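Inspection log for the structure reproduced underneath, given as structure tokens.
The values are calculated or read from the model by the stated rules, or taken from the named source; none is laboratory data. Predicted model, so just to flag it, every value in this text is computed and none were measured. Glycine also receives a Cβ, built like all others from the backbone with ideal geometry; neighbour counts cover every protein chain displayed.
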Amino acid sequence: MLSAPFVLWILSALVYVGRSHHHIGHGEKAQDTAADDGNNKISLVTSANKEFAFRLYRKLAGHAASQGKNIFFSPFSVSTALAALSVGARGETHQQLFRGLGFSSSQLAQTDVDQAFRMFFANTSQDISQGTAVFVGSILKPKPEFLDALKQSFSAEGFSVDFTKTTESADAINQYVSDKTNGKINKLVESLDPGTVMYLLSYIYYKGKWETPFDPRDTRQDVFRVGENTEVQVQMMEMEKDVNTYHDQAINTSVLHLPFNNSYSMLLLLPENMTILENNISPARVTKWLKWIKTETYNIYVPKFSIKTSYKLNDVLTEMGMADMFGDRADLGGIAEGQKLAVSEVVHQATLDVDEGGATAAAATGIGLIPLSFHYVPELKFNRPFMVIITDRTAENMLFMGKIVNPNI
């Protein structure tokens, strides 16, 4: 059974923690200066989160296991989970997490990062459900200051579990995540090591209706070209309307901006060459697209699809410079007294459903710790691999990102 003796955190990422293999007038001017400095710190964290999103995408896309597969994840969920973990990291482990997340230790302290995430959570749109949580075993005694930082800055919820009952503990975590993501992420944890002493997680759930829905009566079976010699049948939605588009000639990519009926939008990116797009996409480029989009009448064709992805991020994060937390050199001394902890795995799952009415996206990241009429209308037809981004209209917050190679898998 779950109990809630303290409050911790959840977000669009889950983290599993276990045992280390070896055994958190002038007065007004001063206030203005302080406010400006605080806003600058938040801006630095926001920029770092955006850069992290694209670096993580490239790492995922470059892995052999991703070839020929759809990619979809929530960069904000992953960065939230790792930022929360950094509260309890010390020494080189903390420096690696900061560098990996793109936080400059010369410009940002942990308290600055905490404050930025506190602001992110406080300003969350009512269309988004997100948070963090921590499940703690009975043998671990977390430091009060660690728990308080998670509660105050990461909207954390906390629960006590008996990790020696591995099936019951996994079921409790999975049920929690399922409830928070409306059933979209229902089995984040496949199995738990009985040595687990803490499980940190973050989740995010978003459901948006198109500002202008597609008419289901116009949806037809059509061909999607997966590759040069491979085609699959898909349900293709169609609409003729004034849409916001941009063609990036430098990388030969068409951009379609589909707004939801709130402050968020979906960007669909149709390149002539996917590799060129993947190598050149960046926060600055997305900002440019949103600035220069123009309204034109198009026949647009977008496939209906439902995809689900699952990743174990240990190798990817190690390649991004966050290696020590996974081994004997882990320094997570800010979490608890008297036990050397290490991260056993970082897992992430995400889902995306797109239909005539809108889109639903969800993700979770887990970190486990162990003791150790007759007129020409141009077409924009997404009938070959394309990229997708769900972001706010200012491109400040990249909620989800991915690549659709085959809408049927």
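Say we look at region 188-245 and pick out the residues that are among the aromatic types (Phe, Trp, Tyr) and closer than 18 Å to Ile367 by Cβ; which of these is surrounded by the most Cβ atoms within 10 Å (Cβ to Cβ)? Filtering first and then ranking leaves Tyr203. When every residue of region 339-348 is checked against the conditions, at least one turns out to be surrounded by 18 or more Cβ atoms within 10 Å (Cβ to Cβ), under 23 Å from Asp392 (Cβ atoms) and not assigned by TED's automatic domain parsing to the domain that holds Asn252.
Among strands (runs of 3 or more DSSP E) entirely within region 325-401, having at least 2 residues that are more than 22 Å from Leu258 (Cα to Cα) singles out 341-354, 358-371. Quick check on Ala83: is it closer than 28 Å to Gly208 by Cα, aliphatic (A, V, I, L, M) and crowded, with 19+ Cβ neighbours inside 10 Å? Criteria met by Ala83. Within the set Ala149, Ala156, the sole residue that is crowded, with 19+ Cβ neighbours inside 10 Å and modelled with pLDDT of 95 or more turns out to be Ala149.
Checked against the criterion of being over 22 Å from Gln175 (Cβ atoms), modelled with pLDDT under 95 and out of contact with any strand residue (DSSP E or B) (no Cβ under 9 Å at 6 or more places or on another chain), region 350-372 has no qualifying residue. Taking the numbered list (1) touching a Ser or Thr at 6+ places or on another chain (Cβ under 8 Å); (2) closer than 30 Å to Asp355 by Cβ; (3) buried (at least 19 other Cβ atoms within 10 Å of the Cβ) in turn, Lys304 passes all entries but (3).
Taking the criterion of being touching an Asp or Glu at 6+ places or on another chain (Cβ under 7 Å) and assigned to a loop (DSSP other than H, G, I, E, B), the residues of region 200-214 that qualify are Pro213, Phe214. In this structure, is Thr80 part of a helix (DSSP H, G or I), assigned by TED's automatic domain parsing to the domain that holds Thr124, in contact with an Asp or Glu (Cβ under 7 Å, 6 or more places away or on another chain) and modelled with pLDDT of 95 or more? Against the criterion (part of a helix (DSSP H, G or I), assigned by TED's automatic domain parsing to the domain that holds Thr124, in contact with an Asp or Glu (Cβ under 7 Å, 6 or more places away or on another chain) and modelled with pLDDT of 95 or more), Thr80 does not qualify.
Pick out, from region 229-294, the strands (runs of 3 or more DSSP E) lying fully within it that include 1 or more residues that are of a type in the set (Val, Ile, Thr).
By residue number, 230-248, 253-259.
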